[in-house]
1. Would you confirm whether or not segment 168-176 contains a residue that is outside any loop (DSSP other than H, G, I, E, B) and either at positive phi or surrounded by fewer than 16 Cβ atoms within 10 Å (Cβ to Cβ) (or both)?
2. Report every pair of residues separated by at least 6 positions or lying on different chains whose Cβ atoms are under 6 Å apart, first residue within segment 227-249 and assigned by TED's automatic domain parsing to the domain that holds LEU264 and polar (S, T, N, Q), second at pLDDT 95 or above and not in a helix (DSSP H, G or I).
3. With the requirement that a residue be surrounded by fewer than 18 Cβ atoms within 10 Å (Cβ to Cβ), farther than 16 Å from THR64 by Cβ and not hydrophobic (A, V, I, L, M, F, W, C), what does segment 88-108 give you?
4. Between ILE28, ILE41, ILE81, which is within 28 Å of GLY143 (Cβ to Cβ), modelled with pLDDT of 95 or more and in contact with a helix residue (DSSP H, G or I) (Cβ under 7 Å, 6 or more places away or on another chain)?
5. Quick one: which residue in ILE5, ILE20, ILE41, ILE25 is assigned to a strand (DSSP E or B) and either aliphatic (A, V, I, L, M) or closer than 27 Å to ILE188 by Cα (or both)?
6. Filter segment 113-133 down to the residues that are closer than 16 Å to VAL67 by Cβ and either without any contact (Cβ under 8 Å) to a residue 12 or more places away in the chain or not in a loop (DSSP other than H, G, I, E, B) (or both) and list them by number.
7. Name the residues in segment 142-165 that are closer than 16 Å to GLY73 by Cβ and hydrophobic (A, V, I, L, M, F, W, C), would you?
8. Pick out the one residue from MET21, MET54 that is touching a residue at least 24 places away in the same chain (Cβ under 8 Å), under 23 Å from GLY176 (Cβ atoms) and crowded, with 18+ Cβ neighbours inside 10 Å.
Amino acid sequence: MKNIIALLTDFGLVDNYVGIMKGTILSINPNVEIIDITHSIEPRNIRQAAFVLMTSVKYFPEGTIFVAVVDPGVGSNRNAICVRAGKYFFVAPDNGILTYTLNNFKLPKVHLFTNEKYQLENPSKTFHGRDIFAPMAAYLAMGIDLAEFGEEYPLSKLVKLSPLKSYYDSFGNLIGEVVHIDRFGNIISSLSYISLGINMHNILKQDLKWKFEIGHTKIKNISTTYSDVEEGEFLAYIGSSGFLELGIRNGNAAEKIGAFVGQLVCARKVGIFEQFA
């Protein structure tokens, strides 16, 4: 069975960057399988990448090596790191991109990547995905011990992103943020089924009276799926990753609303009298 290397970047697919990273990996270690998580993260949006990585990891087999490169600090003095967390490995710049993922593991083991033996010669200042992170993943898949890449580094010193927004304001509204917009235009928020107090495996629309607001758009109630509403109608639902999503049946909600990553989402539980107002 081949080792799996999973790639997540903001490189897109128009240029040759992703292909070159894959070529670099296979030139060093042809006995790997490379899987693309996505290369459509918004340019330089570390927070979006961190969320997408967090919601992807658990679906991969033991031993998968995740290479997460959204790296606006490329060429600076930010560290390159390799992390062992549970049954997985993570290769990334130390810029917070692993924050939400590592929160789900006990005692991840972090090493700096400073051993030039495992990098390409004369690494570029602008393409560490090719020259540093891809080679690290390829050698790691060969079974090279983490200690060979560089010294152990305290978990407490890693750069950390602020937590995903999920808090109550002074009016009793639960406030979240848009963390991702998929290619269908569905708006994925930071509000989880847990923060909303919902059993995502037993959602009964009639028992869940909510109002949601994003920009100037208001949506009533939780739906279970798109067919709960009419064609072209907005809906709110718990998506496959367990987070509140806003969409349109057979339409592009983000385009219709003008939504963007980082935009606030407001949720309010409706009282019994307000339900019939």
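1. yes
2. SER241/THR55
3. The answer is ASN103, LYS106.
4. The match here is ILE28.
5. ILE5
6. TYR118, PRO123, HIS128, GLY129, ARG130, ASP131, ILE132, PHE133
7. Once the filter is applied, which keeps residues that are closer than 16 Å to GLY73 by Cβ and hydrophobic (A, V, I, L, M, F, W, C), segment 142-165 yields LEU158, VAL159, LEU161.
8. MET54
The values are calculated or read from the model by the stated rules, or taken from the named source; none is laboratory data. Source: prediction; values computed, not measured. Reconstructed Cβ throughout: ideal geometry from the backbone, glycine too, with neighbour counts over all protein chains shown.
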